[in-house]
Amino acid sequence: MSVKKEASGRRSVQVEVEVPGTPEEVWQAIATGPGISSWFVPTEFEERDGKPVAVKLNFGPGMESRSVVTAWDPPRRFAAEANGWVPGSPPIADEWSVEARGRGICVVRVVHSLFASTDDWDNQLEGTESGWPGFFRILRIYLTHFRGQRSAMMQWMASAAGTEAEAWETLTAALGLKGLSAGQSWTAPGGVPALSGVVENVSQSPYNALLRLDKPGPGTAALGAVNFGGQSMVTLNFYLYGDHAAGTVARETPLWEAWIQERFPTPSETSQSK
């Protein structure tokens, strides 16, 4: 991964993925609120006179991002611009495009760019670039198996003791995923809320796993372990599909909250119990 630097001061990174579907179907997945929410984070488009004017992404409590739409050409391209990541950083522009490749395949491409006279923000661009492959795998699963279906999401991030590697060991052992590889069917052990499916991808760098689910319902689970501000964290994101997705999320959410709290208690509760 590298940042492309131009004489004008523009710096950019580009990521792309091949996915199944017509340009119109792929556009629905990458340029509508329900579509993006099916594989990324909860998303809404603000409209004026029937045309999108802004995109709001919800990465969690207090982490909402709003971008102003600067170009809109369905089903081929749209662009948006947002404030920088931190005060004083330059605005960042995002350009999304869909290119038909024939035989029912399209290429989705995203370009992030900003203007700067120094290298100060290159690591932010590189970090953004490195995050897309994992989400693009979810997008590919969605378009392959669940295209156009309704979706609902459950997502958690919890503190974990020890290093990232130890947090990942704890999570995968608890879910019965330790030692599994892509293509294997699996069912979580007793004591875990209903969870089973097929392993789509497993990585040790970064620590993550992608599962295509049949329980608690049709969907995808993206699991990971990260270092967040010096603290090891585990992440669990469930994307469920179909007409019963919302009901399944309502039923399963309290079960998973209890399971996560038992195995990854908040630091304050851990200290109080000692």
Under 24 Å Cα-Cα from LYS178, which lysines qualify once same-chain neighbours fewer than 8 residues away are excluded?
-> LYS215
Quick calc: nm separation of the 7 Å Cα→Cβ label points for GLU6 and GLN184 -> 4.7 nm
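Could you sort 101-108, 18-25, 142-149 so that the peptide with the highest average Cβ count within 10 Å comes first and the rest follow in order?
142-149, 18-25, 101-108
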Over every pair of different alpha-carbon atoms in region 21-154, take the mean of 1/r and invert it; report that Kirkwood radius in Å.
-> 15.7 Å
Starting at 0 and stepping by 10 Å, how many percent of the alpha carbon pairs of region 104-226 end up in each bin?
-> 11, 36, 33, 16, 4, 0
Dimensions of the chain along principal axes (Cα, Å, largest first)?
-> 56, 42, 35
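So if the hydrodynamic radius of region 1-88 is defined as the Kirkwood radius over C-alpha pairs, what does Stokes-Einstein give as its diffusion coefficient at 4 °C and 1.567 mPa s, in µm² per second? Mind dumping the intermediate values first?
Details: Rh = 14.9 Å.
Translational D for this selection: 87 µm²/s.
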What is the gain in length, in nm to one decimal, between GLU47 and VAL17 on full extension, counting 0.36 nm per residue of separation less the C-alpha to C-alpha distance?
-> 8.0 nm
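Bear in mind these aren't lab numbers, they're just calculated from the coordinates by the rules spelled out. Note that the structure is a prediction, hence the values are computed from the model and not measured. Note: ideal-geometry Cβ built from the backbone for every residue, glycine included; neighbour counts use all protein chains shown.
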